[in-house]
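J.: If you scroll down you'll find the structure; I have some questions about it.
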Amino acid sequence: MSYTIPNFTRGQVNRAGGVLIVPNKTSHAMAEALVLINHWRACHAYPMNTFQATLRWRLKKVCADALVATRMKRLPSIIKKLENNSGMQLARMQDIGGLRAVVGSVAQVRKLHAIYTNGSLAHELIDTDDYIQTPKTSGYRSLHLIYKYKNDQAPDYNGLCLELQIRTRLQHAWATAVETIGSFLNQALKSNEGPEDWLDYFKVVGSAFALIEKCPVADQFAGQSPSNIYKRCVELEKALDVRRKLNAFAVAANAITSSNVGGNFHLIVLDAVERTVTISSFGKKRLDEANAAYAEAEKVALSHSDMQTVLVSTVSIDSLRRAYPNYFLDTEQFLAALARIEKLAAA
């Protein structure tokens, strides 16, 4: 496998990031910036691969059926993060390369976290965000570990940052539903942007899920009884007709086209208007092709707001679908959790 090696300075990366958010930029300037950014993003593949191998080995001690996947940060997400964080420099963005582990319980999240905290790892842990103990106001919950890569055997990649997300299946179901609804509203609900009624709904659901997992709720719900939170969740669900809408969106899960499904790298393109999902898969030796295809797909998606694309790595199409169900408009786990909340509200 041929991995991309950095051939740029941090200053060049930051200037390219600046072009992304400059109004009235020329098409030539944008094209030059995208070439460098796509190259820089591709450089994270090698560190992600080594981290993934360690993660899978460590998960054997924690959760036999854990889900593992990696992804490169999407260009629209990069742009939004730069726009929303004044003074942020692209070269300092810590989640360009991301890994996700989905386990069965909060106890397993804590056990895996302890293995990383207490175990030997050459890479430097530079930040920890525990959104399970302290949920975001949006309702989001997960544990984030930010590492700075360090490997004497591959010094070209030293200093690149990776984000490891560890979450439960219930937390994963919440995030999936947020992104699925956001796709059809064409709103960044995951960034706390969009219609207030939907944002309020997912805030309440996030705290209801936290109660189910016997975890702290978000600060704005700290003084409320579990019964009130469950009942409010059901009220908003009915007002927004959540169940019917999610079931309707799931039609797309039956409209998937794919090629070379045996590959290790998968380019997913979701068309929220047509409700179709297209997968192009690439084997281990075709990483360069995968990165090039991703760059081309993102150029198209930038001018089509209802289209989303992402390049991810999983061991199979089945695990791909479970790791990124929002791209398949699959909210079965979320709907099952809502049924549980309805029973708790009626108790």
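Only the coordinates and a few stated rules stand behind these numbers; no lab work does. Note that the structure is predicted; figures quoted are calculated from it, not measured. Cβ atoms come from the backbone with ideal geometry, glycine included; neighbour counts cover every protein chain shown.
J.: For the chain, find the longest principal axis of its Cα atoms and tell me its angle to the long axis of helix 75-84, 0 to 90°, nearest 10.
T.: On a 0 to 90 degree scale, this one is about 70.
J.: With angles folded into 0 to 90 degrees, how steeply does helix 106-118 sit against the dominant principal axis of the chain? Use alpha carbons for both and round to 10.
T.: Taking Cα atoms only, the helix is inclined about 30 degrees.
J.: Report, in degrees rounded to the nearest 10, the 0 to 90 angle that the Cα long axis of helix 45-59 makes with the longest principal axis of the chain.
T.: Rounded to the nearest ten degrees, it is 40.
J.: Could you work out the helix-only [θ] at 222 nm for the chain, with each DSSP H run of four or more residues adding -39,500 (n - 2.57) and the total divided by the number of residues, to the nearest 500 deg cm²/dmol?
T.: -14500 deg cm²/dmol
J.: With each label point set 7 Å from Cα along the Cα-Cβ vector, what nm distance links Ser105 and His28?
T.: Result: 6.3 nm between the two label points.
J.: Also, quick follow-up: Pull up the DSSP beta bridges for the chain and report the antiparallel fraction as a percent, rounded to 5.
T.: Percent antiparallel among DSSP bridges in the chain is about 75.
J.: In addition: Let me know the Kirkwood hydrodynamic radius for segment 116-209, please, with Cα pairs as the basis and the value in Å to one decimal.
T.: 15.1 Å
J.: Sticking with this structure for a sec: Based on the alpha-carbon gyration tensor of segment 73-230, what equivalent-ellipsoid semi-axes (square roots of 5 times the eigenvalues) come out, in whole Å, largest first?
T.: Listed largest to smallest, the semi-axes of segment 73-230 are 29, 21, 12 Å.
J.: State which entries of Lys73/Lys299; Lys203/Lys343; Lys61/Lys203; Lys60/Lys148 exceed 22 angstrom in Cα-Cα distance in the structure shown.
T.: Too far apart for the 22 Å limit: Lys61/Lys203; Lys60/Lys148.
J.: Under a crude label model (7 Å from the Cα following the beta-carbon direction), how far is Leu125 from Gln153 in nanometres?
T.: In this crude spin-label approximation the distance works out to 2.3 nm.
J.: Which longest run of the chain has no exposed loop site in it, a site being trypsin sites (Lys or Arg not before Pro) in a DSSP loop with at most 16 other beta carbons within 10 Å, and the site itself not part of the run?
T.: For trypsin sites (Lys or Arg not before Pro) (loop position, at most 16 other Cβ atoms within 10 Å), the longest site-free span of the chain is 215-347.
J.: Output the antiparallel fraction of DSSP beta bridges having both residues in segment 10-168, as a percent to the nearest 5.
T.: Percent antiparallel among DSSP bridges in segment 10-168 is about 70.
J.: Can you give the convex hull volume of the alpha carbon atoms of the chain per residue, in Å³?
T.: Once divided by residue count, the hull of the chain is 139 Å³.
J.: Could you grab the relative contact order for segment 10-168? Cα pairs under 8 Å, six or more apart, rounded to a whole percent.
T.: Relative contact order here is 24 percent.
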